[in-house]
1. Filter the cross-link list K124/K185; K177/K236; K185/K236; K124/K231; K124/K177 down to pairs whose alpha-carbon distance in this structure exceeds 23 Å.
2. Starting from the Cα-Cα distance between A166 and H278, subtract it from 0.36 nm times their residue separation and give me the gain in nm to one decimal.
3. What FRET efficiency, computed as 1/(1 + (r/R0)^6) with R0 = 35 Å and r the Cβ-Cβ distance, is obtained for E247 and S146, rounded to the nearest 0.05?
4. Using 0.36 nm per residue, how much length does the chain from A84 to A212 gain when fully extended, once their Cα-Cα distance is taken away?
5. With a 10 Å cut-off between alpha carbons and a GNM built on the chain, which of E72, E93, E58 moves the most?
6. Can you give the helix-only mean residue ellipticity at 222 nm for the chain, where every DSSP H stretch with n ≥ 4 adds -39500 (n - 2.57) and the sum goes over all residues, rounded to the nearest 500 deg cm²/dmol?
7. Using mean Cβ contacts within 10 Å as the protection proxy, how do 234-240, 129-135 order, highest first?
8. Find the percent of Cα-Cα distances in the chain that exceed 25 Å, and round it to a whole number.
Amino acid sequence: MNTIITPAGLAAANQSRRELDGRVAVVTGSTSGIGLAIAEALAARGAMVVLNGFGDREAIEGTCARLSGTHEVSVLYDDADMSAPAEAAGMVERARRALGPVDILVNNAGIQHVAPIEDFPPEKWEAILSVNLSAVFHTTRAALGSMKARGWGRIVNIASAHGLVASPFKSAYVAAKHGVIGLTKVTALEAAESGVTCNAVCPGYVWTPLVAGQVADQAKAHGLSEEEVVKKVFLKEQPTGRFATVEEIATTVVFLCSAGAGSVTGVALPVDGGWTAH
Ligand code: NAD
């Protein structure tokens, strides 16, 4: 049977493809990996985007130009360091001045360190807590009031399966990600009547520079070869037997930002190939 597409149907399809037209999105840690895929997915739906994170300045400017040209939206870069509270909060204000009030805040920046507790450097503990957890508080604190006042907003916190369950040798990361899920619930409750939702996405293992960078340390901590780490530590957890993709995480974030997800708030949504179903 042929599908007949009416002009009204086409308009509706175009509208839903660009359903975030005119929205301003800030994605922390979006120069790489999952954050970059989220930024691109939001831009593809019409949102103006502020990229953030570290990396080669020229390459980042190239990414901004590519996203902007491909999706016909404004894309800016802010080099705020999420370990510095004033910089994290300041980014929300700079986004407002450049593009307008922030409608969508994706807290994605994250770092990792793998070591047994006895050997875990205290400065790594502090760094992981500040980037992975405290920055979420500081950006949320800066953005939430305006979202509530305008009656619409989406805050998506990229937690982890490690926000729901633990693994050895990741004390700071697991503590921070459990904390992110707690903060997500509080934010959701405080915003519930205002049209603002707040949710956490909990990826399982996704092959990105963050995971690739853990292989050597995991091999040392577990006494395994690097190849064994991929099979026996990473993919052992995921019944699907494969890494999740950055696009799968980004698609979930787009759903949470959609009008249809207006009643989804305060959840910690696993995108983990079945890991936490164990
Ligand atoms: P990644 O290393 O590819 O990207 C991390 C991003 O954060 C980069 O853009 C980096 O520049 C930025 N960043 C790091 N420190 C920063 C700081 N102080 N200030 C600003 N930006 C900073 O990592 P990824 O795998 O894409 O991880 C993204 C998020 O997803 C993290 O929160 C991570 O914990 C979470 N996550 C990843 C996985 C996975 O398997 N990759 C699984 C679960 C959760």
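1. Working: K124/K185 26 Å; K177/K236 21 Å; K185/K236 29 Å; K124/K231 27 Å; K124/K177 15 Å.
Flagged as over cut-off: K124/K185; K185/K236; K124/K231.
2. Details: separation 112, 0.36 × 112 = 40.32 nm, distance 1.28 nm.
Full extension of this stretch gives 39.0 nm more.
3. Numbers: r = 30 Å, r/R0 = 0.86.
After rounding to 0.05, the efficiency reads 0.70.
4. Details: separation 128, 0.36 × 128 = 46.08 nm, distance 2.58 nm.
43.5 nm is the gain from fully extending A84 to A212.
5. Looking only at E72, E93, E58, the largest GNM fluctuation is found for E58.
6. Details: 10 runs with 122 residues, N = 278.
Value at 222 nm, helices only, nearest 500: -13500 deg cm²/dmol.
7. Working: 234-240: 15.6, 129-135: 22.4.
Going by the mean number of other Cβ atoms within 10 Å, highest first, we get 129-135, 234-240.
8. Here the tail beyond 25 Å accounts for 46 percent of pairs.
Read-outs: derived from the displayed coordinates by stated rules, not from any lab. Treat the numbers as computed from the prediction; the structure is a model and nothing was measured. Cβ: placed from backbone, ideal geometry, glycine included. Neighbour counts: every protein chain shown.
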